[in-house]
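Peer 1: Quick one: this structure, given as structure tokens, is what I'll be asking you about.
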Amino acid sequence: MKPHPDHDQDPVWELLRQSPAHRPGPRFVDDTLRAARLMDATPWWKKIALPLALGSLATAATAVVIGLMFLPSSSTSPSQPGIVTAESPLDDLDELVITEAVHFAAENPGEFTDAELVSLIAY
């Protein structure tokens with residue numbers, strides 16, 4: 001391959017032409033594979049999964065608290081008994097929070113103690 005005409009006058013290219021060619025050693029492949037195995041293989045998105053999951057749980061808990069604050073208080077008169085419903089509007093939200101917590105614990109069991117995992121399963 002013939003160098004570009006402008007490179008003939010450039011002293012950097014002259015130095016590069018004089019430098020010896022470097023050949024990889026016989027253990028290059030082994031050293032590279034060993035270095036790749038020793039690197040932290042955790043993908044970037046798993047490193048932020050814990051803060052995002054904890055943030056979403058905190059947001060859900062805050063939404064529940066705010067929702068409870070704005071629910072109208074039911075005042076029952078003695079002549080009219082209160083109506084008791086079997087299902088509250090927050091049951092769906094409670095089920096969603098529990099499902100998300102169990103799902104996160106299943107993906108990252110090392111982030112929880114044994115007692116925390118047992119309490120999630122028992123809940």
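The values are calculated or read from the model by the stated rules, or taken from the named source; none is laboratory data. Only a predicted model underlies this, so the values are computations on that prediction, with no experimental measurement involved. Cβ coordinates were reconstructed from backbone atoms using ideal geometry, including for glycine residues, and neighbour counts include every protein chain displayed. Only protein heavy atoms, including side chains, enter the accessible area calculation; ligands, DNA and RNA are left aside. Shrake-Rupley method; radii C 1.70, N 1.55, O 1.52, S 1.80 Å.
Peer 1: Give segment 10-42 a look and list any residue that's surrounded by 10 or more Cβ atoms within 10 Å (Cβ to Cβ) and in a helix (DSSP H, G or I), or say none.
Peer 2: Within segment 10-42, 13, 14, 16, 28, 29, 30, 31, 32, 33, 34 meet the criteria.
Peer 1: How many residues does segment 43-68 contain that are open to solvent by 60 Å² or more (accessible area, probe 1.4 Å) and either at pLDDT below 80 or β-branched (Val, Ile, Thr) (or both)?
Peer 2: 12
Peer 1: Would you tally the residues in segment 96-108 being open to solvent by less than 70 Å² (accessible area, probe 1.4 Å) and farther than 18 Å from residue 64 by Cβ?
Peer 2: Count: 2.
Peer 1: For the structure I just gave you, tell me whether residue 88 is at pLDDT 80 or above, of a type in the set (Ser, Thr, Tyr) and surrounded by 10 or more Cβ atoms within 10 Å (Cβ to Cβ).
Peer 2: So residue 88 does not fit the description; no.
Peer 1: Could I ask something else about it? If the Cβ limit is 8 Å and pairs must be 6+ apart or interchain, which residue in segment 92-115 that is touching a residue at least 12 places away in the same chain (Cβ under 8 Å) and part of a helix (DSSP H, G or I) pairs with which residue that is among the hydroxyl-bearing types (Ser, Thr, Tyr) and open to solvent by 60 Å² or more (accessible area, probe 1.4 Å)?
Peer 2: Every condition considered, the pairs that remain are 98/123; 100/56.
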